[in-house]
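Have a look at the structure below before the remarks.
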Amino acid sequence: MKTSFISTLSVQTTMRNSIAGVQREMVKANQEAVTMKHADLGVTLGASTSRALDLSREISRIESLLNTASLATTRLESAELSLDNMNKLGLDIQSAILTLGSSTDETSLATARQTMSASLAAFTDFANTSVKGEYIFAGINTDVKPMEDYFAPGSPAKAAFDTELNYYMSSQVPPIPSLSAMTEDQMNDFLDDLEAKFNGTAPLTNPPHPAALAGQDLWTTFFSSASDENMKSRISPTEVIDSSTNANSAGMRNFAFASIVSMELLQTSVSQEAREAVSSRTNAVINKAMNGVDSINQQRTTIGISTERVSKVEERLQAQEDILTKSLGYMENVDPEEAATRLNTMKTLLETAYTVTAKIQQLSLANFL
């Protein structure tokens with residue numbers, strides 16, 4: 001009988017290679033148990049890998065559109081809330097004018113002016129609403145506060161009104177010495193001219209303004225830094241909407257005009273007939289601000305329609321994402337129970353291999369001599 005030997009080195013090398021293989025498989029099994037996806041999609045899917053990549057790209061694109069739609073919804077909802085509050089302020093002005101009537105009492109006039117002042121201050125705050133650092137009524141100039149604070153020290157808006165009033169009074173023949181001397185016709189004439197400048201239908205003139213400003217728009221020169229172009233958001237591959245409005249709309253111009261002239265001119269120093277002209281103009285213009293062409297309520301309606309469009313698009317995109325995610329899951333997801341079982345099996349094999357290796361390393365002829 002012929003005998004042969006097997007060296008312990010060769011046995012140890014074989015076991016070491018086996019352990020290395022088990023460790024590699026264990027890493028893959030652990031990755032799959034944690035991520036619930038195949039460790040190597042290319043090996044597992046083969047020719048279907050490109051299909052999985054296409055689905056992943058499509059899902060990423062939909063998620064990007066959903067994020068854009070979510071931001072647009074936030075902007076639209078904030079704009080709609082601000083416009084709703086502006087409309088309520090307009091109702092306060094109307095109520096103040098109706099309550100005042102033809103009263104000549106200083107207390108009643110002071111109360112009306114206080115209402116106009118508070119309404120204009122609140123209107124300015126709402127017009128300067130920002131969402132995530134972007135001013136929603138600034139058009140595309142989202143980093144610029146759109147409305148000038150009329151009550152701020154050195155306000156160019158206040159200075160512009162005073163300049164227009166003083167120039168009108170001094171340019172009449174004969175000049176009007178004070179507000180108390182203005183007639184009803186003169187007050188209406190002044191309000192006609194100022195309203196046209198607020199609305200942009202009449203330009204600034206020199207005098208009273210510097211020559212460099214002649215021909216420009218009073219509103220965008222002294223009151224508003226907003227852009228006429230609204231922010232746009234792509235909410236689907238084929239749909240782009242205006243995700244805001246801007247402070248240069250006719251509604252906002254009219255609101256500012258009505259509140260400023262009533263606040264400044266409903267004074268006891270103004271004749272009764274001229275005050276009634278101011279009250280009548282204020283009531284008419286604030287009504288246009290809320291309900292006329294490009295009014296605050298019309299903007300609210302437009303914003304509401306856009307909000308509804310975004311909501312429906314979000315529903316469609318979410319449904320598409322769910323379908324694609326399920327399809328991709330069928331391709332790249334693993335059975336969590338199978339992955340856990342395989343990981344435990346790898347652990348058992350590794351422990352067994354370590355045990356066998358340890359016993360082999362203990363084999364020595366010295367133990368048998």
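Just so you know, in the stretch 94-131 the residues that are in contact with a strand residue (DSSP E or B) (Cβ under 9 Å, 6 or more places away or on another chain) and either outside any helix (DSSP H, G or I) or of a type in the set (Val, Ile, Thr) (or both) include one that is farthest from GLN267 (Cα to Cα), and it is SER130.
Checking each residue in the stretch 174-204 for being more than 20 Å from GLU148 (Cβ to Cβ), of a type in the set (Asp, Glu) and surrounded by 17 or more Cβ atoms within 10 Å (Cβ to Cβ) picks out no residue at all. Scanning the stretch 141-171 for residues that are farther than 17 Å from GLU195 by Cα, among the small types (Gly, Ala, Ser) and either in contact with a Pro (Cβ under 9 Å, 6 or more places away or on another chain) or surrounded by 13 or more Cβ atoms within 10 Å (Cβ to Cβ) (or both) yields SER155, SER170, SER171. Residues in the stretch 231-245 that are under 11 Å from the mean Cα position of the chain (by Cα) and either open to solvent by less than 10 Å² (accessible area, probe 1.4 Å) or free of Cβ contacts under 8 Å to residues at least 40 places away in the same chain (or both): 3 in all. For the stretch 263-278, the set of residues classified as of a type outside the set (A, V, I, L, M, F, W, C) and crowded, with 22+ Cβ neighbours inside 10 Å consists of ARG275 only.
Any residue that is assigned to a helix (DSSP H, G or I), modelled with pLDDT of 90 or more, closer than 30 Å to ALA112 by Cβ and β-branched (Val, Ile, Thr) - is there at least one of those in the stretch 262-278? Taking every residue of the stretch 262-278 in turn, at least one turns out to be assigned to a helix (DSSP H, G or I), modelled with pLDDT of 90 or more, closer than 30 Å to ALA112 by Cβ and β-branched (Val, Ile, Thr). In this structure, does LEU179 turn out to be more than 30 Å from ASN67 (Cα to Cα), out of contact with any Phe, Trp or Tyr (no Cβ under 6 Å at 6 or more places or on another chain) and at pLDDT 95 or above? Criteria not met by LEU179. With respect to the conditions (1) exposed (fewer than 13 other Cβ atoms within 10 Å of the Cβ); (2) closer than 19 Å to ARG281 by Cα, PRO207 lacks only one, and its number is (2). Scanning the stretch 317-368 for residues that are in contact with a strand residue (DSSP E or B) (Cβ under 8 Å, 6 or more places away or on another chain), modelled with pLDDT under 70 and assigned to a helix (DSSP H, G or I) yields a total of 1.
Is it the case that LEU89 is open to solvent by 30 Å² or more (accessible area, probe 1.4 Å) and closer than 28 Å to THR302 by Cα? No, not satisfied.
The values are calculated or read from the model by the stated rules, or taken from the named source; none is laboratory data. The model shown is predicted, which means the values in this text are computed figures rather than measured ones. Methodologically, a virtual Cβ is constructed for each residue, glycine included, from the backbone with ideal geometry; neighbour enumeration extends over all protein chains shown. These area figures cover heavy atoms from the full protein model, side chains too; ligands, DNA and RNA do not enter into them. Shrake-Rupley method; radii C 1.70, N 1.55, O 1.52, S 1.80 Å.
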